[in-house]
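Report on the structure given below.
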Amino acid sequence: KLKIVDQLPDIISESVKPMQNIKDIKIIDVNGLAIDGSKRIDTAKSEGSTNGDVQERDLVDRAVTGALRYRAQAPVLDSLLKEVGLISGDESLEDLATGKSFETLKKTGTSKNKSED
């Protein structure tokens, strides 16, 4: 056991060597986008309610709210997807969902963004 303790500095040094190859680390917090399926997306205060009760929104209201939320967040999501290399410069979330960006990735072997780096 003492041999292991004596070798710990070398063991730790060797175990962290792969981290020398890491160029950068990006942490992106998307918690505020409300895309986690939580109840807060589908709830609202009832109009005319004096006690502030929360009621379920109807389907049309949820659809309109979802569409507006997507349009407001689309640039952020597209930028995030480009940043991590899932779509190229001229593609969007729609291209990722339909598979167009995957076809581009298969043809080029990498996204356009990553080949520019």
Scan of region 62-76 for residues that are free of Cβ contacts under 8 Å to residues at least 40 places away in the same chain and within 24 Å of Asp24 (Cβ to Cβ), ordered by number: Pro75
Within region 93-103, residues under 20 Å from the mean Cα position of the chain (by Cα) and in a helix (DSSP H, G or I) come out as Leu93, Glu94, Asp95, Leu96, Ala97, Thr98, Lys100, Ser101, Phe102
Check whether at least one residue in region 41-48 is in a helix (DSSP H, G or I), modelled with pLDDT under 75 and not aromatic (Phe, Trp, Tyr), and report yes or no. yes
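The values are calculated or read from the model by the stated rules, or taken from the named source; none is laboratory data. What you are looking at is a predicted structure, and each value in this text was computed from that prediction instead of being measured. FYI the Cβ positions are ideal-geometry reconstructions off the backbone, even for glycines, and counts take in every protein chain you see.
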